[in-house]
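Notes follow once the structure below has been shown.
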Amino acid sequence: MAYADVYGAWKNDPEGFWMEAAQAIDWDKTPSKALFDDNAPLYEWYSDGMVNTCWNAVDRHVEAGKGNQTAIIYDSPVTHTKREISYFELRNRVANLAGALRAKGVEKGDRVIIYMPMVPEALEAMLACARLGAVHSVVFGGFAAHELAVRIDDCKPKCIIAASCGIEPGRVVHYKPLLDGAIEQSSHKPDFCVIFQREQEVAHLEEGRDYNWHGFQYGVQPADCVPVEGNHPAYILYTSGTTGQPKGVVRSTGGHLVALNWSMKNIYNVDPGDVFWAASDVGWVVGHSYICYGPLIHGNTTIVFEGKPVGTPDAGTFWRVMSEHKVKSFFTAPTALRAVKREDPKGEFIQKYDLSNLKAVYLAGERADPDTIEWAQNQLGVPVIDHWWQTETGWAIASNPAGIEKLPIKLGSPSVAMPGHDVQVLDEGGHPLPAGELGAIAIKLPLPPGTLQTLWNAEARYKKSYLEHFPGYYETGDAGYIDDDGYLYIMARTDDVINVAGHRLSTGGMEEVLAAHPDVAECAVIGVGDQLKGQLPLGFLCLTAGVNRPHADIVKECVKLVRDQIGPVAAFKLACVVDRLPKTRSGKILRGTMVNIADGKEFKMPATIDDPVILDEIAAALKTLGYANAD
Ligand code: COA
Ligand code: AMP
């Protein structure tokens, strides 16, 4: 079947399409139907089925005789470690961990926060939660204590599983003090913590609260898989919105299993047994869907890579891992390839490795610039496929469905809508726009299985953020257009979310931190274009009257504040002091105009601007930061 046939099959009979896809999953009780729409516009999938994610990701492969197949390859250039874990071993490790968690009181529906670097134990912790029907929330290691505290207070975990440390090139990230600090700051306190002690750092354990990962598993009965309802939350994953309060995306179990399993063959074109590698982090949605769950549910071998595209030790790391472990499909962020290209433009490292197993490279997380795609295609000789999705959707909204049909690649486009997604471009009034016209990208409801069901403890916010602006649609927050062939083009965000090295960050969240500095009266953070990371945050600070300390000191303190409060991942290093911010007459800060000035782009003077002279002051300030085109 061609892509058009598969997409058409879904469109003609969505219920039949998703019930058929559901047959690839082992249900304890088969659902009577796919879509549950009684509570529209809040939709659910497979709600009356009973199923367990860990069973589908691990145990069933062992039962099917594939216990000796490698489930996880751990490749860690930063610790010089390589290790393989078979499905059989993974089943036993996860069952033991789940048993130990259960013995300490973790049950179906309890929340568990996981704060761990890229080690196989992070996946084991996720799977152990899934085994019990507990709801995990993984927090990215690059977030600081305050961000962790916000998540603890929102999802109120019974338990936190953390590692003693993470390894960044040139430094050890001390997780334990961050964890202790977060628990101190949060109002909610977990009953207990489990600490995976790494040999690079053995953390101090607090008597009565903290347990050693190994010690607390001794003598405990392994746990069996607990069947849960199809609409039971599998996990909560926090993502940036317009404010400092992150949004807790809730993924439900049944749809998650069906959609990810479907995507592995149809989008990533791998068969069970093939090696699939997503070079991301378990703290992001890519890590959830395509380091942990997708490949394991589908019976692939997944790679847990603890390293960077460059510097660990060199720009050949990706190619070494691919050739050594016979990777068939590879997924990363465009930033990672840009970093490699910058260090090895001629692809000399690529020539050193046998990449004959590699069939395709997938890019997502940010806009993939045509230069990078072309470079990678020429160097690797395989299709480089841009695909577009979000934490909220959990899998690709648009892609080139290589497992169905390899459509022509159009540079700058993540190709076409995947089954389940009726993607439309709307004008401000919510009317569909003709091909080629730029507007807000929205998806007609219901969203397909595997997408978010709601926001944790925030149904009203879910409706307000995504469903109310365009009734009958899910608002993606991205703007773009669709061409005559149905190819999508994602051009910009419609909100204040920025994308730094494929990491989604809230400028509003950074402004909240800066505004708390005693000398800052008002501020704005914008995302400016960056050759390597796509965007970088840049802050403008207006000082409180009477403050006459050196500006450089205040800027330094502000940079430190963002790093301490949000974390190094915010990559907030650029800020300047200005007298005033450009605003509309109604007082709205003209962030978009400031971005255009910084990026040296032409722009129309906003008709509602209060005082155009301020734009000259902004341009002058930007020049001091090295934005020479800012005129
Ligand atoms: N734990 C603690 N700190 C972390 C971290 C983690 N898991 N991940 C990143 N950081 C820190 C980095 O050490 C860096 O700190 P620094 O300011 O002290 O240098 C900071 O956060 C910013 O990190 P990053 O934006 O990743 O930049 P970098 O300079 O360390 O690396 C690249 C540049 C291009 C190599 C890197 O951005 C990269 O690999 N990008 C790919 C992104 C990706 O895979 N995204 C996932 C979405 S699919
Ligand atoms: P995240 O939730 O972190 O995955 O970020 C999702 C956002 O990243 C999207 O809403 C887009 O703004 C951006 N994004 C992700 N993939 C792409 C892509 N292929 N092209 C352009 N933007 C993308």
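Just so you know, all these numbers are worked out from the coordinates, no wet-lab data involved. Quick caveat, the model's predicted, so the values are computed rather than measured. Positions of Cβ are backbone-derived with ideal geometry, glycine not excepted, and every protein chain shown enters the neighbour counts.
Observations on the model:
- A simple spin-label model places the labels of Arg580 and Thr494 3.2 nm from each other, with each point 7 Å out along Cα-to-Cβ.
- Globularity index of the chain is 0.94 (Cα radius of gyration / 2.2 N^0.38 Å, N = number of residues).
- Within the range 584-618, the trypsin sites (Lys or Arg not before Pro) that combine a DSSP coil assignment with at most 16 other C-beta atoms in a 10 angstrom radius are Arg585, Lys588, Lys601, Lys604.
- The range 104-159: trypsin sites (Lys or Arg not before Pro) falling in loop per DSSP and having at most 16 other Cβ within 10 Å: Lys104, Lys108
- Using the Stokes-Einstein relation with a Kirkwood hydrodynamic radius computed over Cα pairs, the translational diffusion coefficient of the range 240-289 at 25 °C and a viscosity of 0.890 mPa s comes to 188 µm²/s.
- Here the range 314-399 is assigned +1 on the Cβ of each Lys and Arg and -1 on the Cβ of each Asp and Glu. Its dipole about the Cα centre then comes out at about 220 debye.
- Surrounding net charge for Gly273, when Lys and Arg each add one and Asp and Glu each subtract one, Cβ distance under 10 Å: 0
- In this calculation the C-beta distance from Lys108 to Asp616 is compared with R0 = 45 Å, giving a FRET efficiency of 0.15.
- In terms of its Cα atoms, the range 303-358 spans 25, 23, 19 Å along the principal axes, sorted from long to short.
- Anchor Lys359: lysines whose Cα lies under 17 Å away (excluding residues fewer than 8 positions away in-chain): Lys265, Lys326, Lys328, Lys406
- Computed from the alpha carbon positions, the gyration tensor of the range 486-537 leads to an equivalent ellipsoid with semi-axes of 27, 12, 8 Å, biggest first.
- Normalised by the number of residues in the range 355-399, the mean separation of alpha-carbon contacts (under 8 Å, six or more apart) gives a relative contact order of 39 percent.
- Likely footprinting exposure, Trp456, Trp45, Trp284, fewest C-beta neighbours within 10 Å first: Trp284, Trp456, Trp45
- Mean shadow area of the range 210-298, taken as a quarter of the surface of its Cα convex hull (nm²): 9.0
- Length-normalised contact order of the range 98-251 in % [C-alpha pairs under 8 Å, at least 6 apart]: 26
- A cut-off of 5 Å between modelled amide H atoms, ignoring neighbours fewer than 5 places along the same chain, links Ala223 with Asn96, Ala98, Gly99.
- Taking label points 7 Å from Cα along the Cα-to-Cβ direction, Glu602 and Ala435 give a separation of 2.7 nm.
- Residue order for Tyr46, Tyr353, Tyr474, fewest other beta carbons within 10 angstrom first, comes to Tyr353, Tyr474, Tyr46.
- For Leu101, Leu536, order by how many other beta-carbon atoms lie within 10 Å, fewest first: Leu536, Leu101
- Net charge over other residues, Cβ less than 13 angstrom from the Cβ of Glu374 (K, R count +1; D, E count -1): 0
- Percent RCO, i.e. relative contact order, over the range 1-92, from Cα pairs under 8 Å lying at least 6 residues apart: 18
- Assigned charges on the beta-carbon of Lys, Arg, Asp, Glu; the range 251-343 dipole about Cα centre (debye): 220
- The range 452-495, dipole about Cα centre (Lys/Arg Cβ +1, Asp/Glu Cβ -1), debye to the nearest 20: 360
- Of all DSSP beta bridges in the range 223-352, antiparallel share, percent nearest 5: 50
- For the listed residue pairs Lys156/Lys176; Lys560/Lys588; Lys108/Lys189; Lys158/Lys464; Lys308/Lys346; Lys444/Lys464, the alpha carbons are over 23 angstrom apart in Lys560/Lys588; Lys158/Lys464.
- FRET efficiency, 1/(1 + (r/R0)^6) with R0 41 Å, evaluated for Ala515 and Gln200 via beta carbons: 0.65
- Semi-axis lengths, Å, the range 150-216, gyration tensor of Cα atoms, sqrt of 5 times eigenvalues: 21, 15, 9
- Helical contribution to [θ] at 222 nm, DSSP H n ≥ 4, -39,500 (n - 2.57), averaged over the chain, rounded to 500: -8000 deg cm²/dmol
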